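Engineer: This structure is in structure tokens; I'll ask about it shortly.
The values are calculated or read from the model by the stated rules, or taken from the named source; none is laboratory data. A quick note: this is a predicted structure, and the numbers were derived from the prediction, not measured. No Cβ is skipped: glycine too gets one built from the backbone with ideal geometry, and neighbour counts run over all protein chains shown. In case anyone asks, the SASA skips ligands and DNA or RNA and just uses the protein heavy atoms, side chains included. Shrake-Rupley method; radii C 1.70, N 1.55, O 1.52, S 1.80 Å.
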Amino acid sequence: MTKRVAIIGAGMAGLTCARGVAAAGYEVVVFDKARGPGGRLPTRRRDGVAFDHGAPYFSARGAAFKDEVDRWRDAGVAGPWKPRRVQFAPSGPPRILPPETVWLGQPRMSAIGRSLSESLDVRLACRIAVIEREGDHWTLQEESGRDHRGFGVVVSTVPPVQATELLAGLSVSGLSVAGRAADARAKLSDAADAMVPRWSLMLSFEAPFDPGFDVAEFNGPVLERAIRNEAKPLRDPTPAWVVHASAGWSHSCLEAPPTEVAEQIETALRARIPGLPATTSRDTHRWRYATANPQRERGVIDAGHGLLLGGDWTCGAELEDAFDSGQALAAAAVSRLQ
Ligand SMILES: Cc1cc2nc3c(=O)[nH]c(=O)nc-3n(C[C@H](O)[C@H](O)[C@H](O)COP(=O)(O)OP(=O)(O)OC[C@H]3O[C@@H](n4cnc5c(N)ncnc54)[C@H](O)[C@@H]3O)c2cc1C
């Protein structure tokens, strides 16, 4: 069997898997449609201000992920943060939540994906449209039509809706797609239904403003969470907030024009937090597949013939779950190659 591994997706699951496979001595190539690595752990610059507009921070609970985060801290790409947290009820003043230490990418969230990509063969701006099995190897075809041949194992770490699309076009010459692949498709279909969207709004303000918290949680119909980016360590001092809309509201206006969405989220925010200064810039990002309802697949779905599926959604809905899946995928890929 060909001893090369292709990984689709350079988020936490894909990069963790790639590092595990490379550490076991196998050749690995990672493909991602985006222009930078990290997946849902990105940072966007707008008018000179950086916003962590995906996962704003993360927790480390299990021993393996704690060790990994310690390595990131030692390498200078992650650090702790103890934000002042409050929770808003539908009306009235917010309740102060107990302090909790979380982790951040340093100096921005995207630093972690960049650091994990170092020394790996990561091909960016490569959207994989078709995967095909020919004889004992796999071929991946980019949307542009370009082929990448000769892989013994293919690992997909894309969200379930996108994995369903990849499996829909799956061509396994001479082999039936019944059995494991059909089972994998059924699991993907359940997982796809459970994936929820989020709109993220990025705001910068013309004057400093301290509302007495760094992170606010809301139970309102529109708002879910607001994070003061400038309150994080090592960030630019320009007042810059990231506001996540609730899953239900995001779903209801998924196809609405971004300017309208921005207007509505900002109006809801100003209604809850009086005194916010005037905005100097406003930007949105639509996360069509933001977070999952866990599928409890222990990180890996084996679709047969050396095709493995994973990602955060196979373990949970957080960055640590993506890491756990990446480790499980690496172990499965290596055992398949041995
Ligand atoms: C708004 C928001 C808030 C969040 N808040 C938190 C939080 O507070 N704490 C926490 O721990 N987690 C949070 N998360 C979740 C966390 O970001 C994810 O669990 C984690 O980043 C998922 O990693 P992954 O590798 O499984 O998937 P992803 O990061 O989504 O990686 C999949 C990659 O596949 C690529 N891709 C997709 N299709 C193709 C294709 N056809 N060809 C090539 N590449 C493709 C994508 O570009 C992407 O880079 C949040 C996420 C969002 C969006």
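Engineer: For the stretch 66-95, enumerate the residues that are part of a strand (DSSP E or B) and either in contact (Cβ under 8 Å) with a residue 40 or more places away in the chain or not basic (Lys, Arg) (or both).
Structural biologist: Start the filter on the stretch 66-95 by keeping residues that are part of a strand (DSSP E or B), which leaves 78-81, 85-88, 95.
Within the stretch 66-95, ALA78, GLY79, PRO80, TRP81, ARG85, VAL86, GLN87, PHE88 meet the criteria.
Engineer: If only one of LEU308, LEU329 is in contact with a strand residue (DSSP E or B) (Cβ under 7 Å, 6 or more places away or on another chain), away from the ligand (no atom under 11 Å from the Cβ) and open to solvent by less than 20 Å² (accessible area, probe 1.4 Å), which one is it? Please lay out each step first, then the result.
Structural biologist: Values: LEU329 fails: away from the ligand (no atom under 11 Å from the Cβ).
The conditions single out LEU308.
Engineer: Mind telling me which of the residues GLY310, GLY299 ends up being under 18 Å from the mean Cα position of the chain (by Cα) and at positive phi? First the steps, then the outcome.
Structural biologist: Working: GLY310 fails: at positive phi.
Of the residues listed, the single one that is under 18 Å from the mean Cα position of the chain (by Cα) and at positive phi is GLY299.
Engineer: Being under 30 Å from GLN141 (Cα atoms), within 13 Å of the ligand (Cβ to nearest atom) and either surrounded by fewer than 17 Cβ atoms within 10 Å (Cβ to Cβ) or modelled with pLDDT of 95 or more (or both): is that true of GLU165 here? Break it down into steps so the answer makes sense when it comes.
Structural biologist: Numbers: under 30 Å from GLN141 (Cα atoms): yes; within 13 Å of the ligand (Cβ to nearest atom): yes; either surrounded by fewer than 17 Cβ atoms within 10 Å (Cβ to Cβ) or modelled with pLDDT of 95 or more (or both): yes.
For GLU165, the condition - under 30 Å from GLN141 (Cα atoms), within 13 Å of the ligand (Cβ to nearest atom) and either surrounded by fewer than 17 Cβ atoms within 10 Å (Cβ to Cβ) or modelled with pLDDT of 95 or more (or both) - is met.
Engineer: Show the residue pairs that are 6+ apart or on different chains and have beta-carbon atoms under 6 Å apart, the first residue being within the stretch 237-258 and more than 15 Å from the ligand (Cβ to nearest atom), the second being open to solvent by 30 Å² or more (accessible area, probe 1.4 Å) and assigned to a loop (DSSP other than H, G, I, E, B).
Structural biologist: So the pair list comes out as PRO239/PRO208; PRO239/PHE209.
Engineer: Filter the stretch 231-259 down to the residues that are open to solvent by less than 30 Å² (accessible area, probe 1.4 Å) and in a helix (DSSP H, G or I), then identify the one that is farthest from ALA55 (Cα to Cα).
Structural biologist: SER250
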